[in-house]
Each structure stands twice: as C-alpha cells, then as structure tokens.
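Novice: Got a structure here, written out as structure tokens. Questions coming.
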Amino acid sequence: MFWLISGFVFAHVYLHRPTSAWQFSVARFARLYPLHFATLLYVAFLQLVSLNLVGHWQIYANNDIKHFILQLFMSSNWNTWSHGLSFNGPIWSVSLEIVVYAIFFCSLYFLRRRPIASTIALLSASWTIFYLYSSDLPFLKSGVFRCAGYFFLGSLVYLLQPDRNNHRLAIILLSGSILVILGIHFEIEDFYISGFALAAVSLAARLDKIFPVSGFRLSALGDISYSVYLIHVPIQMTALVLADLLFDGTREFADSYLTLPIYLCISVVLASYAHRKFERPVGAFIRQKLSHPRPN
C-alpha cells in the first residue's frame, strides 16, 4: 500500500510539472534524509548502550560499521552487501524506493508522452525481473523490482482515475476483487495484495473527489506519516532499553491492554512534534540552500 500510494502521488506531482534532475534529487533528499539521519544516530546510540550495558542488541542485529555506512547512504536494503535489517529497520522500504525514484525520473520522458502505455511497460518489466531473478541480481536485490511494480501500479491507478463517471472506477474495483480472489485461491501473495491496494486507493481517490473533506483534514495524518514510520521503532527500543536497565529486563508491561493505545498516542504526538519542529524546517532549509546553487 505504501509503495502504491507513492506511485500515485509521484504521478500526480511530476507527470505534469517540469523538473530537472537536480530539483528532483534535492526535493527527495530534503524530504527523506534529515529525519532518517537523526533517527539513525539515535538508534545507533541506543544500540551501543544496550550492547555495552545489557549485553545484547534491541530488535535488530547487523548493527556494525558496514551496515551503518549503508544506512548513511540510504542503501541498507537495495544492494546485496546488506545482510538484513539493521539499526532503524523500517527504513528498508524507503531504501528500496530510492532506486525506484531514479527509475521513475529516468522514465519521465516516456511517461509524459505515452503515460498509460509507458506505465504498463514499466510495471510489467519490474515484476518480470522480480520473478525471473528472485535470487537477486549482481549487486542489486530483486526486491527493488517488486517495489517498482507496486509503485508503477500506483501510477497507473492515478492515470486511470475517472473525472466524470464511475464506469472506470467500477472496472478497477472489479479487477481488484478478481485479483484478490485469484491471489487467495492460487496463494499468490502479490495478486491479493495488488488487488486490495488497487481497489482501496482507487476508491479513496474517487471518494475524495465526490466528497472533498473540509474541516477535519486527513492530510494532517499524511504529513506526519513519514515521522511516525521512522520514530515508532526508536520508541520501542527506548522502552526496551529502560526496561532492561531499570526493571531487570521485564516485559510484563506488554501484557496490559493499555500498552498499545499509549504507545500509539506517544508515537503520533512525537511524530507530529518532530514533523513541525525538525522535519519540515530542516527540509525547507535544505531546499532553500540547494535549489539555487551559488555561482563559482
């Protein structure tokens, strides 16, 4: 769903807007890197504290220098040097998307001229490569192309969105339902995931056009989604380190029915604060400094 929504949004933003490679790269760097870097440093600190004072890592292993360097370059899971999740593990999906962003930008010339045909070709090529080379390519993990397939499926959903009637929406929903049924029957995971995501995103996009939200805006949750994604595991690690250091390693707090709602509230509040006070201003600062390079 994450990858499909990304493809939907990128098609909406870039298919009709001229952009250079520099502008595209700066926008992606400013959006993704600052919070990734900050959470990476924090998690690295927590892991060192845990290893030295408690004797074990928290949640993820592979917390060595090599994986730290891979994390610094947001390449923790798209290349074959990586041996699995490390440090702030959820960044793995963003790591894969970095490569897909490059494929998307390099394909913009064709996407703008033959949008539907080019998107279908990229979608088909991506999943063909993934299924033919499931044991990875030289240097590049095949999972990149699974991600790319979902990404371009999202772009296709955007291109097929109806403006005035619901006939096309009905076809999309029917197609999604068929994919779900086939996926469950033949136990093909990508079929039923694609079908569900296809139907859900298409329906949400159509409902947004028919019943535009005024007042309470769900976009506020979308704004902090990246912060929630990168902050929720560091919160877990912090709780586990404190439990190990102060409460003899007990995990009994996890048995309470209050643990999950409290954890979710803390995650949303901290993510909202991080978005307003760090992610957004730092991103704006980077865009301002890098968007207009000074002459030599």
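Novice: Explain nothing, just compute: Karplus ³J(HN,Hα) = 6.51 cos²θ - 1.76 cosθ + 1.60, θ = phi - 60°, for every residue of region 26-35 in order, whole Hz, x for Gly and Pro.
Specialist: So the Karplus estimates, Gly and Pro as x, are 4, 4, 5, 4, 5, 6, 9, 6, x, 5 Hz.
Novice: Moving on to the next point. How charged is the neighbourhood of LEU15? Take every other residue with its Cβ under 14 Å from the Cβ of LEU15, and add Lys/Arg as +1 and Asp/Glu as -1. Could you put the intermediate results ahead of the total?
Specialist: On the way: positive: ARG17, ARG112, ARG113, ARG114; negative: none.
The answer is +4.
Novice: From Cα pairs below 8 angstrom and at least 6 apart in sequence, can you work out the relative contact order of the chain, rounded to a whole percent?
Specialist: Answer for the chain is 24 percent.
Novice: Would you grab the residues whose amide H sits under 5 Å from the one on LEU137? Only those 5+ places off in sequence or on another chain, please, with H modelled 1.01 Å from N.
Specialist: Amide H to amide H, under 5 Å and 5 or more residues apart or across chains, LEU137 pairs with SER142.
Novice: Taking the alpha-carbon distance from LYS277 and a cut-off under 16 Å, which aspartates and glutamates remain once sequence neighbours fewer than 8 residues away in the same chain are dropped?
Specialist: ASP223
Novice: While we're looking at this one, here's another question. What does the charge add up to near LEU122, with Lys and Arg as +1, Asp and Glu as -1, over the other residues with Cβ less than 15 Å from its Cβ? It would help to have the intermediate numbers written out before the result.
Specialist: Working: positive: ARG112, ARG113, ARG114, ARG146; negative: GLU97.
My count for the surroundings of LEU122 gives +3.
Novice: Anyone know which of ILE181, ILE262, ILE116 comes out most mobile in the 10 Å Cα GNM of the chain?
Specialist: Between ILE181, ILE262, ILE116, it is ILE262 that shows the largest mean-square fluctuation.
Novice: Ignoring the sites themselves, what is the longest stretch of the chain with no chymotrypsin sites (Phe, Trp or Tyr not before Pro) in a DSSP loop and at most 15 other beta-carbon atoms within 10 Å?
Specialist: Numbers: sites that count: PHE73, TRP81, TYR133, PHE139, PHE216, PHE247, TYR257.
So the longest stretch without any such site is 140-215.
Novice: OK, next. Say we join alpha carbon atoms closer than 10 Å with springs in a Gaussian network model of the chain; which of VAL99, VAL13, VAL43 then has the biggest fluctuation?
Specialist: VAL13
Novice: Right, something else. On average, how much area does the Cα convex hull of region 28-113 cover when viewed from any direction, in nm²?
Specialist: Orientation-averaged projected area of the Cα hull: 6.1 nm².
Novice: Moving on. Give me, ordered by chain and number, the residues 5 or more places off ASN79 or on other chains with an amide H under 5 Å from its own placed amide H.
Specialist: Here LYS141 satisfy the definition.
Novice: Non-local amide H neighbours of GLY89 (under 5 Å, H modeled in plane, Pro and chain starts lacking H): which ones?
Specialist: Long-range HN contacts for GLY89: none found.
Novice: For the chain, I need the span (max minus min coordinate) of the C-alpha atoms along each principal axis, in Å, sorted largest to smallest.
Specialist: 61, 59, 49
Novice: So what are the ³J(HN,Hα) numbers for region 126-133, from phi and the Karplus equation (6.51, -1.76, 1.60; θ = phi - 60°), rounded to whole Hz, Gly and Pro as x?
Specialist: Using θ = phi - 60°, the values come out as 4, 6, 5, 4, 4, 7, 7, 10 Hz.
Novice: Write down the Å³ per residue value for the convex hull defined by the alpha carbon atoms of region 2-159.
Specialist: Value for region 2-159: 107 Å³ per residue.
Novice: I would also like to ask the following. Can you compute the helix-only [θ] at 222 nm over the chain? Use -39500 (n - 2.57) per DSSP H run of at least 4 residues, normalise by all residues, nearest 500 deg cm²/dmol. Don't skip to the answer; put the middle values down first.
Specialist: Details: 13 runs with 208 residues, N = 296.
The per-residue figure over the chain is -23500 deg cm²/dmol.
Novice: Whole-Hz ³J(HN,Hα) for each residue in region 201-206, computed from phi via Karplus 6.51 cos²θ - 1.76 cosθ + 1.60 with θ = phi - 60°, x for glycine and proline: what do you get?
Specialist: Values, residue by residue: 5, 4, 5, 5, 5, 5 Hz.
Novice: In addition: Which whole-number percent gives the relative contact order of region 2-159, counting Cα pairs below 8 Å spaced six or more residues apart? Could you put the intermediate results ahead of the total?
Specialist: Working: 174 pairs, mean separation 54.4, N = 158.
Taking the mean separation of contacting Cα pairs over the length of region 2-159, I get 34 percent.
Novice: Could you check the spin-label model distance between LEU264 and ARG276? Points 7 Å from the Cα along Cα→Cβ, value in nm.
Specialist: The modelled label-to-label distance comes out at 2.2 nm.
Novice: Additional query: Any idea what the dipole of the chain comes to, in debye rounded to 20, about its Cα centre with Lys/Arg Cβ at +1 and Asp/Glu Cβ at -1?
Specialist: Numbers: 21 positive and 14 negative charges, 317 e Å.
Taking the Cα centre of the chain as origin, the dipole is about 1520 debye.
Novice: Please report the base-10 log of the normalised intensity I(q)/I(0) for region 1-52, using a Debye sum with one equal scatterer per alpha carbon and no solvent, at each q in 0.22, 0.30 (1/Å).
Specialist: For region 1-52, the Cα-only Debye profile gives -0.88, -1.08.
Every read-out reported here was derived from the displayed coordinates using simple, explicitly stated rules and does not represent laboratory data. Quantities reported herein were computed from a predicted structural model and do not represent experimental measurements. Ideal geometry is used to build each Cβ from the backbone, glycine not excepted, and the neighbour counts take in all protein chains shown.
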